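Here's the structure we're looking at; comments come further down.
None of the figures in this text is laboratory data; all of them are computed from the coordinates on show. These figures come from a predicted structure and were not determined experimentally. Cβ placement follows ideal geometry from the backbone for every residue including glycine, while neighbour counts extend to all protein chains displayed.
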2 protein chains.
Amino acid sequence: MGSVPGVSLLLLVVSLSLLSSPSVHGGKILVFPVDGSHWVNMKLLIQGLHARGHEITVVRTASSWYVKEDSPHYSSITVTLPEAIDIEQQDFFVTFLFKMLTIQKEGASLITFVKFYWEMLGALSNIHKQASQLTVEMFENKTLMQSIRDTQFDVVLIDPGLPAGVLVAHELKLPTVFNVRWITSGEGHFVVAPSPTSYVPTSGNAISDKMNFGERLKNTFYYVFNTCIDKLIVCPHYDRLVERYFGPDVNFYHLLQGADIWLMRVDFVFEFPRPTMPNIAYIGGFQCQPAKPLPTELEEFVQSSGEHGFILMSLGTLVQGLPVEITSEIAAAFAQLPQKVIWRHAGEPPSNLGNNTLLIKWLPQNDLLGHPKIKAFVAHGGTNGIYESIYNGVPIVGIPLLFDQFENCLRMEARGAAKVLDATKLTRQNFLEVIQEVIHNPSYRNNMKRLSALHRDKPMHPLETGLFWIEFVMRNKGASHLRTESYKMPWYAYYSVDVICLLITVLLTLTVIVVGSIRFLCCRLCRRRKTKQE
Amino acid sequence: MGSVPGVSLLLLVVSLSLLSSPSVHGGKILVFPVDGSHWVNMKLLIQGLHARGHEITVVRTASSWYVKEDSPHYSSITVTLPEAIDIEQQDFFVTFLFKMLTIQKEGASLITFVKFYWEMLGALSNIHKQASQLTVEMFENKTLMQSIRDTQFDVVLIDPGLPAGVLVAHELKLPTVFNVRWITSGEGHFVVAPSPTSYVPTSGNAISDKMNFGERLKNTFYYVFNTCIDKLIVCPHYDRLVERYFGPDVNFYHLLQGADIWLMRVDFVFEFPRPTMPNIAYIGGFQCQPAKPLPTELEEFVQSSGEHGFILMSLGTLVQGLPVEITSEIAAAFAQLPQKVIWRHAGEPPSNLGNNTLLIKWLPQNDLLGHPKIKAFVAHGGTNGIYESIYNGVPIVGIPLLFDQFENCLRMEARGAAKVLDATKLTRQNFLEVIQEVIHNPSYRNNMKRLSALHRDKPMHPLETGLFWIEFVMRNKGASHLRTESYKMPWYAYYSVDVICLLITVLLTLTVIVVGSIRFLCCRLCRRRKTKQE
């Protein structure tokens, strides 16, 4: 059958007519980013918004690593915190990682678990203490707040990993868009969408969506545990401020849940399918672009690998170095490979480095992952790297170190596109075996290619999706028609506990009445018979 | 700030590169439509798919009203059912409506409720009995099934309001796409997404998403009631066939839940926000297009209305006529208006028709709704009409008659874009008042204009969205990465009942042990004191 151009044309006309929604050139956007790898993402959205003619103002702290004061894409408001807690220093995470690896090395036990979380929760509390301080500094600076008010922003764009911006948006009565995967203490979905613990793996629990009874029990435990972390460790920092500035009727958690649009840095080639909400737009992999040519030196090194190709290793922006006992094992394994290796490495170079291995402080990761000669990506499992790997169809050797990296790696392993190693148990032998397995067993590459095809098969690039929804909120002054306000209900009403209790009571009462009546009748019958017999 | 063309260009390149997913020209699609207004929707998808170069085969019954055997857009398979139950005859719904109106007239009482549902469930059971018969006729016709197998279809497109196609797709081992709002006995979301009864109005319960305790209780009742209808009245027709053709290991309800993509004929300017799933794509309003010029006679009639404009009345494709005691009241009210009235009317014309009222058997509804002179739309509340009204920003006077029309109208009333009248209590006075209220109080028009702007503000026309996802399933042979398989879990595991029971048992045991120990210690202490005192 041939095609009918008339209908095609009609579709085109309909599309164009729908797409001619009023644009919002010259809008004003206030941005609250999170530093580190999160900023890499936020910067892309900012560049996109700037290219569309919007004015962007970024709120940064004076001690920020990555968020520069001057940029062609945004102006900034710099807030100086009274005591810069040491998370702002780059070696904070190196020290933190060393501690965590030492604890993990002790093996799985209750003591390890407690130690691990003691360290992690201490760090989490410190980070949020500092983030909440940002709000205080802003609210107490009346001149600053007045100038922000005078600017008449259209929307506040927030990375709610550190949710100070949520309070500022509420003070300014402005609609909010979240650029989010992690929020306060867990994955964003857990705050805004129903998350049945029977098939939605809880944050911190590296497990797939197919669970047996024991795993579901553990998953429920993690759910309760995360809720406790939220209520007892993270939220109190902000609750205090909400009480102080907005009074007792405002609830910090409801402010979080009330964001107009959630741009979720998630794609379902990575995340397990799970319930979602109409005001969540998925932008996972929005940072991915077709690879650009490599710098000459790097291209020459890569080409010198011949038919064997090369391996890329990077542990992300957060971790500047691994302990030398691990790096030397990695170096020794690499030295035995016929492939060339490009290793993003910032600390002391291992002494046993092979001739095939090139250490670099910074590398064009996406361009290398998109190079035809790449064979595998040795990664810590940060989502930026994982999405670039998916986009380019490169199988992963995962060495998760901190935070969500364990569950991220597990997701790729569950899809047969990665193999994961425990950093504390890494030896030159097992590392070499894993790399060779991933390179030579074609299933890893094929699975990753399939994920890549699915990921790219979208009606719209995820970055465009993100920009569309930010502008949507600006045009329509929010997106309340997409946002349920059920979160404002008391918990017992939300979970229908009161209704269930009433139904159970009625059922029990009916049972008692029926059973009572039957017994009463039986007794009377028996008595009458006895009377007759007598 | 100026825009940066470099970044724009980059975005464009990224978009184009992503959008260059392999197309599926020349694919083969097997379609199971539902007759009546549902077919109006399905036909649009078929035309779109045909225009993209696909071959479409539609399965129809010999007695179908609307689905013609020959079409330039599709070929057809005609199945003759042994006994065409009277739902295939147009007057089935007229008789049915008359019965329902008589029952409703008796006022709200338990008897009315029972009578109402007795009639409705009888009709529902008959409809599904007939629909399931289609499967038998197909499966028993070995030549037909072999020829379908030989055609090597890529996907089965089903309106699961009558889900016979689901069984055929399972037999053929083909991926499925649903074009759905209603499925078996309720709204599609209830089968595939979590639907907390605390804020999701249940099908059949005309209520908003903000409920008090009593309303939540009633909503829970409707949920249980609908589940019973599903399990006891609808599904048994198909369960029998599943058992007969696929054996005891296959579950009909799981086949329903396992569709790859759900094209939901819903938009959140209409539906209350509620949980959804990654494999649901929203195509509500996909039939809406910019209005075309009216036929000359109609345009002249409309223009003759002058500054007063005109009112459109239509009660949809299903209902061919209202009882004369209602139509004469409507006619009398219309006669008192300065506006002109265009009334889609198929039955006996009322004797008291005003000079300003034009009766027509068929009218270009969308073009009339898009006419600048239109003032209001008197509608029964079918979703096609409602979406066309939203698209064109025309306020509604709702006269719901059957099925979902009550809850559809309520949704528009909750948004201040409609006023609803009970057909059984309609008088010329109250009808006139309601029309005048909707025409003269600007809030109705303004609210509808706002909904219209929100509805049109989309990155992609909903029809394009629908076509994209059908082709996505064809390209990728399904969409399993978007579909949770949690529905395969036993209910007690899905709802974590086993985990909760264990936790309660552990908690109770601990409480008993602790309380027991304390009592034991207290007793020993008391005894020792007594011994000392003695």
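Here are the numbers:
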item: Cα→Cβ-extended label distance, 7 Å offset, between residue B:66 and residue A:224, nm; result: 5.3 nm
item: Eligible aspartates and glutamates near residue A:28 by straight Cα distance, threshold 12 Å, same-chain separation 8 or greater; result: A:55, A:150, A:154, A:471
item: Residues in the range B:23-55 that a label on residue B:75 would reach, taking backbone N under 11 Å of a point 7 Å out along Cα→Cβ; result: B:55
item: Reach of residue B:68 by Cα under 18 Å, taken over lysines that are not fewer than 8 positions away in the same chain; result: B:43
item: Antiparallel DSSP beta bridges within the protein assembly as shown, as percent of all bridges there, nearest 5; result: 5 percent
item: Beta bridges by DSSP in chain B, antiparallel share as percent, to the nearest 5; result: 5 percent
item: Cα principal axis extents for chain B, largest first, Å; result: 112, 72, 61
item: Fewest-first ranking of A:240, B:411, A:428, using other Cβ atoms within 10 Å as the exposure measure; result: A:240, A:428, B:411
item: Under the span-like rule (Cα at least 30 Å along the axis, Kyte-Doolittle mean at least 0.0), DSSP H helices of chain A; result: A:110-140, A:497-533
item: For residue B:125, inter-copy label distances in nm, listed shortest first [label point 7 Å out on the Cα-Cβ vector]; result: 6.4
item: Overall Cα dimensions of the range A:173-307, principal axis frame, Å, largest first; result: 66, 45, 28
item: For the protein assembly as shown: rounded, prolate or oblate by the Cα gyration tensor [a/c cutoff 1.5]; result: prolate
item: Partner lysines for residue A:142 [C-alpha distance under 20 Å; skip if fewer than 8 residues away on the same chain]; result: A:173
item: Per-copy distances of the residue B:70 label point, shortest first, in nm (7 angstrom along Cα→Cβ); result: 7.7
item: Sorted by Cβ density within 10 Å, fewest first, the residues A:409, B:228, A:235; result: B:228, A:235, A:409
item: Global form of the range A:113-224, assessed from the alpha-carbon gyration tensor, a/c cut-off 1.5; result: oblate
item: Full-stretch length increase - residue A:485, residue A:328 - with 0.36 nm per residue and alpha-carbon distance subtracted; result: 51.1 nm
item: Pseudo-label separations to other copies for residue B:446 - Cα-to-Cβ vector, 7 Å, nm; result: 6.3
item: Long-range amide H partners of residue B:76 with built H, under 5 Å; result: B:58
item: Which listed pairs, of B:292/B:375; A:231/A:488; A:292/B:477; A:218/B:488, have C-alpha distances above 24 Å, in listed order; result: A:292/B:477
item: Cα point-scatterer Debye curve for the range A:385-534, base-10 log of I(q)/I(0) at q = 0.15, 0.20, 0.21 Å⁻¹; result: -0.94, -1.16, -1.21
item: Rounded to 5, percent antiparallel among DSSP beta bridges of the range A:296-456; result: 0 percent
item: Efficiency of FRET from Cβ geometry, residue B:503 and residue A:98, R₀ 35 Å, rounded to 0.05; result: 0.40
item: Shape category assigned to the range A:296-456 from the gyration tensor of Cα positions, a/c cut at 1.5; result: rounded
item: Calculated FRET efficiency for the pair residue B:453/residue B:118, C-beta based, R₀ 45 Å, to 0.05; result: 0.55
item: In sequence order, calculated HN-Hα J values of the range B:69-81 (Karplus, 6.51, -1.76, 1.60; Hz; x Gly/Pro); result: 6, 10, 7, x, 9, 8, 9, 9, 10, 9, 10, 8, 8
item: Exposure proxy ranking, count of Cβ atoms within 10 Å, fewest first, for A:74, A:245; result: A:245, A:74
item: Mean-position separation - Cα centroids, the range B:185-216 and the range B:228-301, in angstrom; result: 17 Å
